[in-house]
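Participant: Starting off with a structure, shown below.
The values are calculated or read from the model by the stated rules, or taken from the named source; none is laboratory data. What you are looking at is a predicted structure, and each value in this text was computed from that prediction instead of being measured. Positions of Cβ are backbone-derived with ideal geometry, glycine not excepted, and every protein chain shown enters the neighbour counts.
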Amino acid sequence: MMTDIISNLAVIHARINEACRKAGRLSSEVKLLLATKTVAAHNICIALRNGETLIGENKVQELEDKYDSLKTIPHQTHFIGHLQTNKIKKVIQYADCIQSLDRMELARKLHKQLQQEGKTMEVLIQVNTSAETSKFGIEPAHAAAFVKEIAGLGALKIKGLMTIGLFSAEENKVRDCFKLLGKVKNEISGLNIPGVEMKELSMGMSGDLEIAIEEGATIIRVGTAIFGKRIHPDSYYWNEAK
Ligand SMILES: *Cc1c(COP(=O)(O)O)cnc(C)c1O
């Protein structure tokens, strides 16, 4: 398992480097986030000791369970799952960034709790670029208005956008999702909203990271290609309620 993880990481970095080269981008512009849902802490440690610095969890319970085992190795943890408002306190305790901010009620409650604790939190706005009702995220057409509305909530540091693209063998349809996220980013950037940064585009996973990098991803989220297959379908992990 250990050698698998290390060699898989080498493959992923080679894929990132090659995609960046083709797109005329620097590899340093693309951060690799390890999607570690269901992955045991000792296997995450192998990756972190091998030089990785960023992980993402989908469930607050897993954040909490693995926290002690990982805390001695320097790294950042992003929350990438659907977040229920009753988990806000815990997510604040364990995560450095929430990539899945997708609704007003969540933004308000998160802001309020952060204020009470005298903290701030980096957030990405999750946008539903595939128009699938099964996926979370704000509709592309409503994203700018949403950012405008929450920009005044000072404890939330808006750093960019996140999306889960379409799962499709048709590359063009996948690419359209990533293009759309880039378009929404440009639209919001153009509004020059005080306090809002649009520097991160979190998109692309094991199967489509090359397309995402071509379309401007700054964070790619990779699980399966590093840690192997999971037992449940992805839809299971995308909903924190389950
Ligand atoms: C699991 C997951 C990933 C990684 O998916 P893989 O196909 O395993 O690389 C990326 N983003 C989110 C939100 C995920 O839940």
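Participant: Could you check the range 182-242 for helices (runs of 4 or more DSSP H) lying wholly inside it with 3 or more residues that are at pLDDT below 95 and of a type in the set (S, T, Y)? Quick ask: steps written out before the conclusion?
Facilitator: Numbers: elements: 209-214, 224-227, 234-238.
In the range 182-242, 234-238 are the helices (runs of 4 or more DSSP H) which contain 3 or more residues that are at pLDDT below 95 and of a type in the set (S, T, Y).
Participant: Which of (1) modelled with pLDDT of 95 or more; (2) surrounded by fewer than 22 Cβ atoms within 10 Å (Cβ to Cβ) is the odd one out, the single condition L110 does not satisfy?
Facilitator: Going through the list (1) modelled with pLDDT of 95 or more; (2) surrounded by fewer than 22 Cβ atoms within 10 Å (Cβ to Cβ), L110 breaks only (2).
Participant: I'd like the full set of residues that are more than 16 Å from the ligand (Cβ to nearest atom) and either touching a helix residue (DSSP H, G or I) at 6+ places or on another chain (Cβ under 8 Å) or of a type in the set (A, V, I, L, M, F, W, C) (or both), limited to the range 76-86. If you could, list the steps in order and put the result at the bottom.
Facilitator: To start, the set of residues in the range 76-86 that are more than 16 Å from the ligand (Cβ to nearest atom) comprises 85-86.
Passing the criteria: only T85.
Participant: Does the range 76-86 include one or more residues that are surrounded by 13 or more Cβ atoms within 10 Å (Cβ to Cβ), among the aromatic types (F, W, Y) and part of a helix (DSSP H, G or I)?
Facilitator: No: the range 76-86 contains no residue that is surrounded by 13 or more Cβ atoms within 10 Å (Cβ to Cβ), among the aromatic types (F, W, Y) and part of a helix (DSSP H, G or I).
Participant: Continuing with the same structure: From the list A169, A107, A145, which residue is without any contact (Cβ under 8 Å) to a residue 12 or more places away in the chain, in a helix (DSSP H, G or I) and among the small types (G, A, S)?
Facilitator: None of the others qualify; the one that does is A145.
Participant: Those residues that are more than 16 Å from the ligand (Cβ to nearest atom) and in a loop (DSSP other than H, G, I, E, B), I need them from the range 155-166; list them, please.
Facilitator: A155
Participant: Quick check on this structure: which one of L26, L32 is at pLDDT 95 or above and under 25 Å from V127 (Cα atoms)? Before you say what the answer is, go through the steps one by one.
Facilitator: On the way: L26 fails: under 25 Å from V127 (Cα atoms).
Just one listed residue meets the conditions, L32.
Participant: A follow-up question, please. How many of the residues making up the range 87-97 are farther than 15 Å from L32 by Cα, in contact with a strand residue (DSSP E or B) (Cβ under 7 Å, 6 or more places away or on another chain) and not in a loop (DSSP other than H, G, I, E, B)?
Facilitator: Selection size over the range 87-97: 3.
Participant: Name the single residue that is surrounded by the fewest Cβ atoms within 10 Å (Cβ to Cβ) among those in the range 1-18 being modelled with pLDDT of 95 or more and within 26 Å of G81 (Cβ to Cβ).
Facilitator: If we take residues in the range 1-18 being modelled with pLDDT of 95 or more and within 26 Å of G81 (Cβ to Cβ), then V11 is surrounded by the fewest Cβ atoms within 10 Å (Cβ to Cβ).
Participant: Tell me, which residue of the range 153-182 that is charged (D, E, K, R), within 16 Å of A131 (Cβ to Cβ) and surrounded by fewer than 15 Cβ atoms within 10 Å (Cβ to Cβ) is nearest to the chain's Cα centre (by Cα)?
Facilitator: K173
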